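A quick write-up on the structure given underneath.
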Amino acid sequence: MTMPRILFGGDYNPEQWPEDVWAEDMKLMVEAGVSLVSVGIFAWAQVEPRPGEYDFGWFDRVLDHLADAGIGASLATMTASPPPWLSRLHPEVLPNRADGVTLWPGARQHYCPSSPVYREHAARLVEQLAGRYGSHPALRLWHVGNEYGCHVRACYCDVSAADFRRWLRDRYGDVDALNAAWSTTFWSQRYDDWSEVLPPRTAPTFGNPAQKLDFARFSDDAILACYTLERDILRRHTPDVPLTTNFIGLVHKPIDSFRWAAEQDVVSLDSYPDPYDPRTHVDAGFGYDLVRSARRGQPWLLMEQAPSAVNWRERNAPKPPGVMRLWSWQAVAQGADAVLFFQWRQAAGGAEKFHSAMLPHTGEHTRTHREVRELGAEIAAAAELAGTRVQADVALLHDWPNWWAVEGDAHPAPLDLLAAHRAHYGPVFDAHVTCDVVPPDADLAGYRLVIVPNLYLLSTATADALRAHVHRGGILLVSYFTGVVDETERLHPGGAPGPLRDLLGLRVEEFWPLPVDGTIGLNLGGRHGRGLEWSEWVEPAGAQVMGTFTDGELTGRPAVLRHSYGEGAAWYLATRPDPALMRAVLDQVRAEAGVAPVLPDLPDGVQAVRRHGGYRSYLFLLNHGGTPATVALPAPAVDLLGEQDAPTDLVTLPPRGVAVLRS
Ligand code: GAL
Ligand code: ZN
């Protein structure tokens, strides 16, 4: 799906307002440069006030207004929040938590994903919508559901239990195979009959890890089935209208975005960086790199962001002047072809009345609305960026099933996979190097450096792919607690890193997690620092020791290792070096891989990314730092956001400044 321009707009919930406000909405939207709005996301109760009785008249008028104003609709399937009558008539559609508590109506997303009743009612509504609006001139995109898995990540009710058994039967065939996969000889868990198998409900102590992992896989599948049910109806009616569903940013544990991306025409992401956090743009950057990689570099849509403050954190900071613009351009730099917000008009009532909007409660003559208009005009003027792509030489490997497994309980110490990703991704970002975030089955052929943090769950197929990458000359960096178990949570025989032992040239004999807030001394070729969180007793078997522990029981033992293999080399970190040392390690492996920054000598705090298309290339420079920054360009270029007729070879960016340079 290629857009003729970078789309601009946001969620629009006209049902919250009397009709006489809509005309003003259209006028102000046009003035602000809005080209796409997401409509109907929470309109189910309004369009189907009673089962099977529809009131589409008002919604027809909304879409007609949009078409008249030349604004496109990202038309929601309206199934994200069922009307109260559904659970009144069918209480079994309500989801259950692991401890048996029912999640009642009164908020949103109160449905069991496995519920045939929910699915049937959702499908019936989607048939209506597709039939009625499939050829409406405003329709540009289908917005299926909304933030699947946001609040209800899994359901433990009896309906879900039956669906889980069906799913397990498909996967294992018979109970004996299930028993083997789940290691049920342990703690007398052997099942004699399918009817004994349950979701991992609240139990006296640690649950079976293989059962939990399969339940995470199943829950993702159950939610995905709700999506594909609607998707298939829409594809039947409107095969030419692209469809998406918005992922939760930066990455959302219950939903495997890599699998879901393959089921969509374009991927979209909701992103809410926290203005209180000075590194929040790096975390956002990780999410953008992941969502872009999910469809192998295809442009993606920033479906939601806040114009200023959100209302759902404990404390909610507004975005200071210029930050909304800076972060919007960051998304475009990292491959977005849409800058959309939650939401157009600030709600006057309900649980989100303190959430900022493009049109604040205080009206159009406001700081936020002025910034929205200015951004809308800039985005409109940068239409030529649409469809261009970002390329990366570095990939960081992320895997959802590993995420579900590595954070399981009763491990040597709790690990936070996103924190590990952050620790590895941050120094690459800071070094002005573009990084893809890819699944284990990605084609690694185009990458010079592959980074693999904490890949506890490792299949032999993934191990083979990593081995092939190094064999043909690639560089690999793997960090601790990798290659520990297979896909059924059984330990790889012979110890970690399991099927990577030959490639890494080492064996991990014991895990030595550090005490809470404890650190361990590290010497990396004369450079001293601390290891954080974890350490390991490693026995080299071919690998060269590049760094050692300098403290405690592991003093003198290997902490950083490098193993030449085929045409390339594989590095191993037996701890998480502190940020400065991690930067040094990553700079070293990056240099070995021959990966250069986007431009040499870029100032700290300036993010630089390129998008390419045809014979053109665009360099984005974004100053996330607090002081002005000057960047020397290799050749004079035109800033799309500046004086178009004055090419420059020296760009000075104020704090929060942005330049988009065409070359
Ligand atoms: C998203 C959601 C929107 C709105 C927004 C507020 O999670 O999709 O409907 O609630 O958050 O930040
Ligand atoms: Zn359920």
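See the values below:
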quantity	calculated
Residue among 292, 236 that alone is basic (Lys, Arg), away from ligand 1 (no atom under 14 Å from the Cβ) and touching a strand residue (DSSP E or B) at 6+ places or on another chain (Cβ under 7 Å)	292
Members of the range 59-109 that are within 16 Å of ligand 1 (Cβ to nearest atom), touching a strand residue (DSSP E or B) at 6+ places or on another chain (Cβ under 7 Å) and among the hydrophobic types (A, V, I, L, M, F, W, C)	75, 76
Residues being part of a loop (DSSP other than H, G, I, E, B) and over 19 Å from residue 605 (Cβ atoms) - total across the range 412-433	5
Any chance residue 467 is in contact with a helix residue (DSSP H, G or I) (Cβ under 9 Å, 6 or more places away or on another chain), part of a helix (DSSP H, G or I) and not aromatic (Phe, Trp, Tyr)	yes
Filter result for the condition that a residue is among the polar types (S, T, N, Q), out of contact with any strand residue (DSSP E or B) (no Cβ under 7 Å at 6 or more places or on another chain) and away from ligand 2 (no atom under 15 Å from the Cβ), over 160, 135	135
Boolean, residue 499 is outside any strand (DSSP E or B) and either within 29 Å of the chain's Cα centre (by Cα) or surrounded by 15 or more Cβ atoms within 10 Å (Cβ to Cβ) (or both)	yes
Checking residue 210 against (1) in a helix (DSSP H, G or I); (2) open to solvent by 30 Å² or more (accessible area, probe 1.4 Å); (3) at negative phi, the condition it does not meet	(2)
Selection status of residue 455, within 17 Å of residue 213 (Cβ to Cβ), outside any strand (DSSP E or B) and open to solvent by less than 10 Å² (accessible area, probe 1.4 Å)	yes
Meets criteria (over 30 Å from residue 435 (Cβ atoms) and either of a type in the set (Val, Ile, Thr) or within 16 Å of ligand 1 (Cβ to nearest atom) (or both)) for residue 314	yes
Flag if residue 216 is part of a helix (DSSP H, G or I) and not polar (S, T, N, Q)	yes
Close pairs from the range 526-552: first within 19 Å of residue 483 (Cβ to Cβ) and modelled with pLDDT of 95 or more, partner charged (D, E, K, R) and open to solvent by less than 60 Å² (accessible area, probe 1.4 Å), Cβ under 6 Å, at least 6 apart	533/576
Failed criterion for residue 220 (all others in (1) in contact (Cβ under 8 Å) with a residue 60 or more places away in the chain; (2) of a type in the set (D, E, K, R); (3) open to solvent by 30 Å² or more (accessible area, probe 1.4 Å) hold)	(3)
Every pair of residues 6+ apart whose Cβ atoms lie under 7 Å, when the first sits in the range 471-487 and is crowded, with 21+ Cβ neighbours inside 10 Å while the second is at pLDDT 95 or above and among the hydroxyl-bearing types (Ser, Thr, Tyr)	474/447; 478/572; 480/575; 481/456; 482/456; 484/456; 485/456
Matching residues, the range 329-359, being touching a strand residue (DSSP E or B) at 6+ places or on another chain (Cβ under 7 Å) and among the aliphatic types (A, V, I, L, M)	331, 332, 333, 336, 338, 339, 340, 357, 358, 359
Filter pass, residue 332 being within 16 Å of residue 392 (Cα to Cα) and crowded, with 17+ Cβ neighbours inside 10 Å	yes
Index of the failed condition, residue 363 passing every other in (1) without any contact (Cβ under 8 Å) to a residue 40 or more places away in the chain; (2) at negative phi	(2)
Subset tally (residues that are within 16 Å of ligand 2 (Cβ to nearest atom) and within 15 Å of residue 60 (Cα to Cα)) for the range 110-132	0
Count of the range 393-431 residues which are β-branched (Val, Ile, Thr) and either at pLDDT below 95 or within 30 Å of residue 621 (Cα to Cα) (or both)	2
Selected residue (criterion: surrounded by the fewest Cβ atoms within 10 Å (Cβ to Cβ)) from residues of the range 280-318 that are of a type in the set (Ser, Thr, Tyr) and in a helix (DSSP H, G or I)	280
Residue within the range 503-521 that is part of a strand (DSSP E or B), in contact with a Lys or Arg (Cβ under 7 Å, 6 or more places away or on another chain) and open to solvent by less than 50 Å² (accessible area, probe 1.4 Å) present	yes
All positions within the range 590-616 that are outside any loop (DSSP other than H, G, I, E, B) and more than 26 Å from the chain's Cα centre (by Cα)	591, 592, 593, 616
Residue in the range 578-599 that is under 26 Å from residue 321 (Cα atoms) and out of contact with any His (no Cβ under 7 Å at 6 or more places or on another chain) present	no
Residues of the range 343-367 satisfying the condition of being away from ligand 1 (no atom under 15 Å from the Cβ), open to solvent by less than 70 Å² (accessible area, probe 1.4 Å) and either charged (D, E, K, R) or over 21 Å from residue 18 (Cα atoms) (or both)	364, 366
The range 247-265 residues that are within 16 Å of ligand 2 (Cβ to nearest atom), paired with ones that are in a loop (DSSP other than H, G, I, E, B) (beta carbon under 6 Å, 6 or more apart)	254/149; 254/153
Selected residue [open to solvent by 10 Å² or more (accessible area, probe 1.4 Å) and among the small types (Gly, Ala, Ser)] from 442, 420, 463, 405	442
Listing of helices (runs of 4 or more DSSP H) fully contained in the range 85-204 that carry 3 or more residues being modelled with pLDDT of 95 or more, within 31 Å of the chain's Cα centre (by Cα) and buried (at least 18 other Cβ atoms within 10 Å of the Cβ)	116-133, 158-172
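The values are calculated or read from the model by the stated rules, or taken from the named source; none is laboratory data. Just so it is clear, the structure is predicted and the values come from calculations on it, not from any experiment. Cβ atoms come from the backbone with ideal geometry, glycine included; neighbour counts cover every protein chain shown. In case anyone asks, the SASA skips ligands and DNA or RNA and just uses the protein heavy atoms, side chains included. Shrake-Rupley method; radii C 1.70, N 1.55, O 1.52, S 1.80 Å.
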